[in-house]
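Data first, discussion second: the structure below is written as structure tokens.
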Amino acid sequence: MALDRVAFALPAGQTLVVLGPNGAGKSTLLKVLATLLRPHEGAVRVLDCSLPDDAWKLRGQIGYLGHEPALYRSLSARENLQFAARLHGVGEQRIDELLDAVGLTRRADDRIEEFSRGMRQRIAAARAVLHDPALLLLDEPWSAVDPGAIALLDPIIGRGSGRTRILVTHDVGRGLAEADAFIGIRAGRIQAMGSASGDAAREAEALFA
């Protein structure tokens, strides 16, 4: 069983960080919320959509950034964003704005396969917010990203974005600094939860760091 009696509610505009060791069920949880996996039982409600029945309604309202950037390596950065933009009915101006925001305007026409891991992560982040989603689902968003790039991404996917976010990370300290609340998962079950400040957060750092 990947997830067992995991239950939480997240108010709009807040950030929940999901902590836990490898194999705890963190990424599985995110994929269920992103409509990439169907839960076998239980109730899941995201942005007033009941999953899996309303998955088709939800997909245009969420931005998902997986642990591995879901990009077409043989296409350029701009072409990847153009492809996603057509799916969401987004104009070229938005693409230009995001390429500038992630510092890759000059590399926009280079193929993704020529990019470093960190550069691919920046383009994947731009793709995740291209359609101005109401909810961001982020799996290890700082993976292979240097401090300069983290600063660039903060207004896009970080706390500075002001979006409702669910964030999976191994980096307990950074995750709690980004979050309003946390849950800690081990072997598919919640072992700790609470506010991202105070005693509960200190206990989480001891359990999951």
_GNM result for the chain, Cα springs below 10 Å: residue of 67, 40, 88 fluctuating most strongly_ = 40
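Need one word for the stretch 59-100: rounded, prolate or oblate. Basis is the Cα gyration tensor (sqrt eigenvalues a ≥ b ≥ c); a/c below 1.5 gives rounded, then a/b vs b/c decides.
Oblate, since a/c reaches 1.5 and b/c is not below a/b.
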*Roughly how tilted is helix 92-101, in degrees to the nearest 10 and between 0 and 90, from the longest Cα axis of the chain?*
70 degrees
*Using every Cα-Cα pair within the stretch 163-203, state what percent have a distance larger than 13 Å.*
52 percent
*If a/c stays under 1.5 just call it rounded; otherwise compare a/b with b/c (prolate if a/b is bigger, oblate if not). Do that for the stretch 59-142, with a ≥ b ≥ c from the square roots of the Cα gyration tensor eigenvalues.*
oblate
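Based on other C-beta atoms within 10 Å, arrange 169, 105, 164 from fewest to most.
On the way: 169 23, 105 15, 164 20.
Fewest to most other Cβ atoms nearby, the residues stand as 105, 164, 169.
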_If you average the alpha carbon positions of the stretch 44-92 and of the stretch 108-136, how far apart do those two centres end up, in angstrom?_
12 Å
*When only Cα pairs under 8 Å and 6 or more residues apart are kept, what is the percent relative contact order across the stretch 1-111?*
16 percent
*asked:* Using the Cα centre of the chain as origin and beta-carbon charges of +1 (Lys, Arg) and -1 (Asp, Glu), tell me which of 37, 183, 101 is placed farthest towards the positive end of the dipole.
replied: 37
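Give the dimensionless ratio obtained when the Cα radius of gyration of the stretch 2-49 is divided by 2.2 N^0.38 Å. Intermediate results must be reported in sequence, preceding the final value.
On the way: Rg = 11.1 Å, N = 48, 2.2 N^0.38 = 9.6 Å.
Normalised Rg, Cα atoms only: 1.16.
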*Just from the alpha-carbon atoms, what are the Rg and Dmax of the stretch 102-159 in angstroms?*
11.1, 32
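Below 8 Å, C-alpha to C-alpha, sequence gap of six or more: please give me the relative contact order for the chain in percent.
Values: 359 pairs, mean separation 68.0, N = 209.
So the answer I get is 33 percent.
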*State to the nearest 20 debye the size of the charge dipole of the stretch 64-187 about its Cα centre, where the only charges are +1 on K and R beta carbons and -1 on D and E beta carbons.*
160 debye
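Before anything else, pin down the relative contact order of the stretch 114-209: Cα pairs under 8 Å, at least 6 apart, normalised by residue count, whole percent.
In percent, rounded to a whole number, it is 21.
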*Over the chain, with a single point scatterer placed on each C-alpha, what log10 of the ratio I(q)/I(0) does the Debye formula yield at q = 0.11, 0.12, 0.13, 0.14 1/Å?*
-0.51, -0.61, -0.72, -0.83
*Quick one: compute a quarter of the convex hull surface over the Cα atoms of the stretch 128-209 and quote it in nm².*
5.8 nm²
*Could you tell me whether the stretch 18-86 comes out rounded, prolate or oblate from its Cα gyration tensor? Rule is a ≥ b ≥ c as square roots of the eigenvalues, rounded for a/c under 1.5, then prolate if a/b exceeds b/c, otherwise oblate.*
oblate
*asked:* At 0.36 nm per residue, and after removing the present C-alpha to C-alpha distance, how many nm does the segment from residue 22 to residue 86 gain when stretched out fully?
replied: 19.5 nm
*Against the longest principal axis of the chain, how steep is helix 77-88, in degrees 0 to 90 to the nearest 10, with axes from Cα atoms?*
70 degrees
*So what's the net charge close to residue 188: Lys and Arg +1, Asp and Glu -1, counting the other residues with Cβ under 11 Å from its Cβ?*
+3
*Tilt of helix 117-129 relative to the longest C-alpha principal axis of the chain, in degrees (0 to 90, nearest 10)?*
80 degrees
*asked:* Using the crude model of +1 on Lys and Arg Cβ and -1 on Asp and Glu Cβ, and no other charge, please compute the dipole size for the chain relative to its Cα centre, in debye to 20.
replied: 300 debye
*Find which of 7, 124, 162 sits farthest along the positive direction of the dipole of the chain, computed with +1 on the beta-carbon of Lys and Arg, -1 on that of Asp and Glu, about the Cα centre.*
7
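Computed from the coordinates by the stated procedures, all read-outs in this text should not be read as laboratory data. In this text, all values refer to a predicted model and were calculated from it rather than measured experimentally. Every residue, glycine as well, gets a Cβ built from its backbone with ideal geometry; the counts of neighbours run over all protein chains shown.
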